[in-house]
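The values are calculated or read from the model by the stated rules, or taken from the named source; none is laboratory data. These numbers were taken from a predicted model, which means no experiment stands behind them. Using ideal geometry, Cβ is built from the backbone for each residue, glycine included, and neighbour counts are taken over all protein chains shown.
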Amino acid sequence: MTSTITMDDAEDAAKLIAFGMRPRQRPAKDRAYRDLVIKYRTESDFQRLVERTARGLGLKVLGATEDIGVALAALPNSVFETKIEDYVRLGKQRGEGERLLHGIIHLAVAALAFPRPDDLANDGYTGRVSVEAVDRAVRDTCDRLREKVAAAEAGEDTPTDSPELEKVWSAYTRRPEAALTKDGRLAMNSTKGMIARALNFLTDQGFLAVAGAGEDGWYRTTPRYQLQVRELAATSAFEELLALGIVPISSRGTLRTARQDSADRATDTAASDAADEGLFHV
């Protein structure tokens, strides 16, 4: 079959990818963007051209709709990839411990936003997260892990990975929940300060939208974030985090665990994998 791709199509493909690099831009407010999304969705040759062009740039097309536009993700080692160490460095923090803490936080946000496979698969589902909910969930998980480690050490069969597990998660509990700077802002070395930074970063990337006021206000997920988390859900880090029991807040304000029994298999893999993975991007 003869290809019908033209030089104009190649230019249009580049334009569509450029639109996708602006996460807050929407087709509803830009007719040129909307027309290119429609072309992508209705012309198979053009769709393949966009995807191959993106791949050559180190990007993956996750999807395209007239609502959110084209959603892109950086491939490993892409020039567009935001590495966790770069993210930590921008916050003027250093060290392996900081990378692990930020990795835990970003994974926890994703797991709380879409706690069940059905939620992640449902295009109409909107998740909600807050600084308080993320901090409470991770600290609750840390407490339960510490109890399991203590129980294992008291018995005859101490897991060989307990020291690493306890080291990674106790690093979170050693941090204060909240500390204020001289001008009254949350200190970035507190866990709530780190979570607030993560939620603001995801909002800037077009993955979350503010749904409430104040530092403990709620954020709602966007379809773009759902597409990104679907990619994340295929990684071992996300599976390990679910196994650790990171769970959503129920309507009565208590923590509920969908996979409590799986916590016995928890290791520090989730934190270290998260620190090595690139953060959500574009």
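Can you tell me which residue in the range 202-212 is surrounded by the fewest Cβ atoms within 10 Å (Cβ to Cβ), limited to those that are under 19 Å from residue 230 (Cα atoms) and at pLDDT below 90?
205
Give the residue that is modelled with the highest pLDDT, with candidates limited to residues of the range 64-93 that are exposed (fewer than 14 other Cβ atoms within 10 Å of the Cβ) and of a type in the set (A, V, I, L, M, F, W, C).
Among those residues, the one meeting the criterion is 79.
With within 30 Å of residue 203 (Cβ to Cβ), modelled with pLDDT of 95 or more and surrounded by fewer than 16 Cβ atoms within 10 Å (Cβ to Cβ) as the only criterion, which of 18, 13 stands out?
18
State which residue pairs qualify: first residue in contact (Cβ under 8 Å) with a residue 60 or more places away in the chain and assigned by TED's automatic domain parsing to the domain that holds residue 198 and inside the range 123-141, second residue surrounded by fewer than 17 Cβ atoms within 10 Å (Cβ to Cβ) and among the basic types (Lys, Arg) in any location, beta carbons under 9 Å apart, and separation of 6 or more residues or different chains.
Going by the 9 Å Cβ cut-off, the qualifying pairs are 126/220; 127/220; 128/220; 129/220.
Please verify whether the range 41-63 includes one or more residues that are of a type in the set (Lys, Arg), within 18 Å of residue 227 (Cα to Cα) and modelled with pLDDT of 95 or more. Before you say what the answer is, go through the steps one by one.
If we filter the range 41-63 for residues that are of a type in the set (Lys, Arg), which is where we start, we get 41, 48, 52, 55, 60.
Now narrow it down to the ones that are within 18 Å of residue 227 (Cα to Cα): 41, 55, 60.
When the remaining residues are screened for being modelled with pLDDT of 95 or more, the result is 41, 55.
Yes, the conditions are met somewhere in the range 41-63.
Might you let me know whether the range 216-226 holds any residue that is closer than 15 Å to residue 105 by Cβ, assigned to a loop (DSSP other than H, G, I, E, B) and either touching a Lys or Arg at 6+ places or on another chain (Cβ under 6 Å) or modelled with pLDDT of 75 or more (or both)?
The answer is no; no qualifying residue exists.
So in the range 94-144, with the set limited to residues that are more than 20 Å from residue 82 (Cβ to Cβ) and among the β-branched types (Val, Ile, Thr), which one is surrounded by the fewest Cβ atoms within 10 Å (Cβ to Cβ)?
Taking the range 94-144 first, the residues more than 20 Å from residue 82 (Cβ to Cβ) are 112, 114-128, 130-133, 135-144.
Right, trim to among the β-branched types (Val, Ile, Thr) and you get 126, 131, 138, 141.
Working: 126: 16, 131: 26, 138: 26, 141: 23.
So the residue we want is 126.
Does at least one position in the range 54-71 carry a residue that is free of Cβ contacts under 8 Å to residues at least 24 places away in the same chain and part of a helix (DSSP H, G or I)?
yes
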